[in-house]
Every structure is written in structure tokens, then in C-alpha cells.
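J.: One structure follows; several queries about it will come next.
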Amino acid sequence: MNRTERFYKIDQLLRERRVVPLEIFLDELEISRATFKRDLEYLRDRLHAPIVWDREAGGYCFQAVASGRHNTKNPAPAYELPGLWFSAGELYALLAAHKLLGEIEPGILATHVAPLQARLSALLEASGHPAPEIAQRVRLLSMARRTVEPRFFSDIMLALLEGKRIEIDAWNRARDETNTRTVSPQRLVHYRDNWYLDAWCHLRGALRSFALDTIRRAHLLHEPARTVETGALDQHFSTAYGIFSGKPAHRAVLRFSPERARWVQTERWHAEQQSERLPDGSYRLSVPYADARELLMDILRHGRHVIVEAPPSLRRQVQKEAEAIAAAYQEFL
């Protein structure tokens, strides 16, 4: 941990334990005696922390509780560390958890959720700013989130955790039909604000991914689920582009204009992507894919600022879609 984090850890240990032996500090902070002494000196001299050594108790404590006054009603010292700010990931995690808990309707979890919400608010306020102010000034926006039927989600989660098969009626959007499948749930995936179930489909005899918002019926069965090893799941679902599974059959090579390159070059499209900046300022990106549907949508959102260099089949798909879009607008010209 860095120096600022150590300061807060020292403060936390003193507030929680009242008296802290030197060995506890060294173990918790994973630092040398000399480093701890320097940190302690900085806290005392620069931040005015009233930390003293209590010979009788055999440890460090705040001066307000030293010399046998450990039972005072207000032992906390009259000083405060400067506001501690969070990294982008930490702030997102705290606000997302706080927001999700706030959206839970009154029910069986209400009494259990309230203390957790209070704890999250306290963590947010460690920055030195009230939690409501942070929540008001930092927004988390969801895009294209689809609603999942709560009772189906519960049944699927139960089957997943108990290792049971489940019978589902799944709506196929492309064909606009509903099919009944018996599946062995393997794991839930939250991707682009929506939930998906990775499962072994006993009808197809293969791994499949189902969008939970397409589930029209779910029935828990007594038969034990077929288990697929994590490595096999990752190999099937994580090697291709986006949510679509399968062994990558192609590699898309995309060239973005110099203008759009300033945005795309910092984006992570795939774990195995390859990229390079070209002399004219454009940006070449290469990603593996098995199914072009999601990749096609991501390409089209960049419009004329991206060209598909390879493979030719993907380039023809993009061209065909672009022509269809242009044709759809002809009546308005």
C-alpha cells in the first residue's frame, strides 16, 4: 500500500483497537520499523495526530485515551485526516453497489440491506464529502438494459448454485419463436448492462448462451446438472468477440480514421486484440470473432470513420448493411 493508505490504516487501527502494539502495525502495514517511525512522525508533526506511546498499556494510542482513560465516552481525537479519494474503479464499484441496493424493493432483504447501504455511505464519505453529494455529482448511466423477470432469475440462480438442471422456454429473437430446452447452468454473465446464462444445452449437446430477458418460463428439475470445467467454458465463450461464443473462425482487421483513432486507441475490444498506429495517424485494430453480428454493430457505430480491411466476407456484410441503410432513407431525400 502507498503512504497515504498507510496513514488511513494507522488511523483505523487506533480507532478500532484503542491501543496498538508496534508489532501489530508492522504486520498489518507490512513495513519496517524505520518506515513506521517516519510515518508516525509525519502524522504527528504535519497532520497533528495526537498519537502517543502508552508504556503501561504497551502500545500506541490517541492521547485522549492514554493513561488509563480508555473508558471515556468520546475517545476519538479532535483531528481529521484529509479527505481520501478513490480510484476510478473503486468509485464505480461503490456507487454501483449503492445504487443497486437503493433500487431493491421492500421485502425480505430490506433489513439486511440497510446496514450495508449505511456502510457504503460511510466509505463514500471517507473522501471528505457527503455521500448524497457524490451520488448527485457522479452519474452512472445504463444503456439498453433489458428487464429480467425476477422469478425466473431466482429459479435460474437456484439451479446454478445447487447444481441442478432447469427447463426453460427461450424466445429466439431472430426467428421470433419460443423453444423449450433442458439446460445445465454453468455461470451467469453480466455484459453490457444485461444478464446472460452460459449453459450446457442437452438438446443440442453443446454449450450455449441464453439472454435472461428472453426466458419465458423456468422450471427447476431434480436431475443433477452436467458440469463443464472452467477452462473449457473460457475457451468456448471468451476467445471470440463479444457475447457470441465458439472458436474464432476469422480475424477482423479494422482501420480507423485519424480523427476516430484518438478515441478507439484507448478502448479494449478484446483480450487478444492487436493494434498499431499508422504513419498517417490512422489506427489499425485486429480482433478474433466467431459470429459477426455484434462486431458488425460496433463497426457500424463508427460510420465512415472505419474501413474493414479483412476479411472480405465481413467487408461485404458491412457494405451490404450500409447500402440497406442508405436505401431506407431514400424516401426522405
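J.: Looking only at the range 237-267, which residues are charged (D, E, K, R) and free of Cβ contacts under 8 Å to residues at least 12 places away in the same chain?
T.: Result: R262, E267.
J.: Taking A122 as the residue in question, decide whether it is in the same structural domain as K99 (by TED's automatic domain parsing), among the small types (G, A, S) and exposed (fewer than 11 other Cβ atoms within 10 Å of the Cβ).
T.: So A122 fits the description; yes.
J.: Within the range 237-248, identify whether any single residue is surrounded by 12 or more Cβ atoms within 10 Å (Cβ to Cβ) and more than 30 Å from D198 (Cβ to Cβ), and answer yes or no.
T.: No, every residue in the range 237-248 fails to be surrounded by 12 or more Cβ atoms within 10 Å (Cβ to Cβ) and more than 30 Å from D198 (Cβ to Cβ).
J.: Any residue that is at pLDDT 80 or above and either surrounded by 11 or more Cβ atoms within 10 Å (Cβ to Cβ) or closer than 22 Å to V138 by Cα (or both) - is there at least one of those in the range 75-89? Explain how you work it out, then say what you get.
T.: Our first condition is that a residue be at pLDDT 80 or above; within the range 75-89, this holds for 88-89.
This time we only want the ones that are either surrounded by 11 or more Cβ atoms within 10 Å (Cβ to Cβ) or closer than 22 Å to V138 by Cα (or both), so: 88-89.
The answer is yes, given that some residue of the range 75-89 is at pLDDT 80 or above and either surrounded by 11 or more Cβ atoms within 10 Å (Cβ to Cβ) or closer than 22 Å to V138 by Cα (or both).
J.: Further, regarding this structure: Going residue by residue through the range 241-249, is there one that turns out to be outside any strand (DSSP E or B) and farther than 25 Å from H190 by Cα? It would help to see each step written out before you state the result.
T.: Quick first cut of the range 241-249, residues outside any strand (DSSP E or B) only: 241-249.
The next check asks that each one be farther than 25 Å from H190 by Cα; those that pass are none.
No, the range 241-249 has no match at all.
J.: Ok, one more. When you check R217 against the structure, is it among the basic types (K, R), out of contact with any Leu (no Cβ under 9 Å at 6 or more places or on another chain), surrounded by fewer than 18 Cβ atoms within 10 Å (Cβ to Cβ) and not in a strand (DSSP E or B), yes or no?
T.: Taking the combined requirement at face value, the residue does not satisfy it.
J.: Still on this structure, please answer the following. Hey, could you check the range 142-175 for residues that are touching a helix residue (DSSP H, G or I) at 6+ places or on another chain (Cβ under 9 Å) and assigned to a helix (DSSP H, G or I) and say which is surrounded by the fewest Cβ atoms within 10 Å (Cβ to Cβ)?
T.: Ranking the candidates gives F153 first.
J.: What residue, among those in the range 190-213 that are closer than 19 Å to R226 by Cβ and among the charged types (D, E, K, R), is surrounded by the fewest Cβ atoms within 10 Å (Cβ to Cβ)?
T.: Filtering the range 190-213 for residues closer than 19 Å to R226 by Cβ gives 196-210.
Next cut, among the charged types (D, E, K, R) only: 198, 204, 208.
Details: D198: 22, R204: 10, R208: 18.
Of everything passing the filter in the range 190-213, R204 is surrounded by the fewest Cβ atoms within 10 Å (Cβ to Cβ).
For every residue, the table says whether it meets (1) surrounded by fewer than 12 Cβ atoms within 10 Å (Cβ to Cβ); (2) out of contact with any Ser or Thr (no Cβ under 8 Å at 6 or more places or on another chain); (3) assigned by TED's automatic domain parsing to the domain that holds R187; (4) modelled with pLDDT of 95 or more.
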position	(1), (2), (3), (4)
G231	yes, yes, yes, no
P258	no, no, no, yes
A261	no, no, no, yes
R277	no, yes, no, yes
A290	no, no, no, no
L300	no, yes, no, yes
V308	no, yes, no, yes
L314	no, yes, no, yes
L333	yes, yes, no, no
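J.: Let me ask you something else. Determine whether the range 50-57 contains at least one residue that is part of a helix (DSSP H, G or I) and surrounded by 16 or more Cβ atoms within 10 Å (Cβ to Cβ).
T.: Looking for residues that are part of a helix (DSSP H, G or I) and surrounded by 16 or more Cβ atoms within 10 Å (Cβ to Cβ), one finds none in the range 50-57, hence no.
J.: Restricting attention to the range 194-220, which residues are touching a helix residue (DSSP H, G or I) at 6+ places or on another chain (Cβ under 8 Å) and among the hydrophobic types (A, V, I, L, M, F, W, C)?
T.: Within the range 194-220, W195, L197, L207, L212, I215, A218, L220 meet the criteria.
J.: Which of the residues belonging to the range 233-250 are out of contact with any Ser or Thr (no Cβ under 8 Å at 6 or more places or on another chain) and of a type in the set (A, V, I, L, M, F, W, C)?
T.: L233, A240, A249
J.: Any residue in the range 27-56 that is more than 16 Å from Y79 (Cβ to Cβ) and in the same structural domain as Y8 (by TED's automatic domain parsing) sitting within a Cβ distance under 9 Å of a residue that is acidic (D, E) and modelled with pLDDT of 90 or more? List the pairs, counting only those 6 or more apart or interchain.
T.: L29/D39; I31/D39
J.: Would you confirm whether or not the range 193-204 contains a residue that is in contact (Cβ under 8 Å) with a residue 12 or more places away in the chain, of a type outside the set (K, R) and part of a helix (DSSP H, G or I)?
T.: No.
The values are calculated or read from the model by the stated rules, or taken from the named source; none is laboratory data. A quick note: this is a predicted structure, and the numbers were derived from the prediction, not measured. All Cβ positions, glycine included, derive from the backbone under ideal geometry; neighbour counts span all protein chains shown.
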